[in-house]
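The values are calculated or read from the model by the stated rules, or taken from the named source; none is laboratory data. Keep in mind that this is a model prediction, so the values were computed, not measured. Glycine also receives a Cβ, built like all others from the backbone with ideal geometry; neighbour counts cover every protein chain displayed.
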Amino acid sequence: MDADLKFVDCPAYLGRRGSARCGLPAEVEYCYAMRSTDGPLDSAKIRCPAGHVFNGLLESLTPLTSLTTAGGREAAAGLHAAARGA
């Protein structure tokens, strides 16, 4: 069992209009670096209890509203460090 579990808010949109987000705590299954012409990009695969699964750049998986709080910025920094193998 991994003692360093990391969570982010699930970014899935709910309903037909897409005006509400799922928001359940989505577990980061693993982090990795994606290659690009500008250098490596921090990426992750996440899964929430409702069954939503996302795989992509950390910036696209982390809602902007969570990055405006100190806790959200700290969580994002931890995920970036994990993607770099730190």
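Of note:
- Search result, residues across segment 12-34 that are in contact with a Leu (Cβ under 8 Å, 6 or more places away or on another chain) and either of a type in the set (D, E, K, R) or farther than 12 Å from A50 by Cα (or both): A20, R21, E27, V28, C31, A33, M34
- Yes/no for S36 being in contact with a helix residue (DSSP H, G or I) (Cβ under 7 Å, 6 or more places away or on another chain), at negative phi and modelled with pLDDT of 90 or more: no
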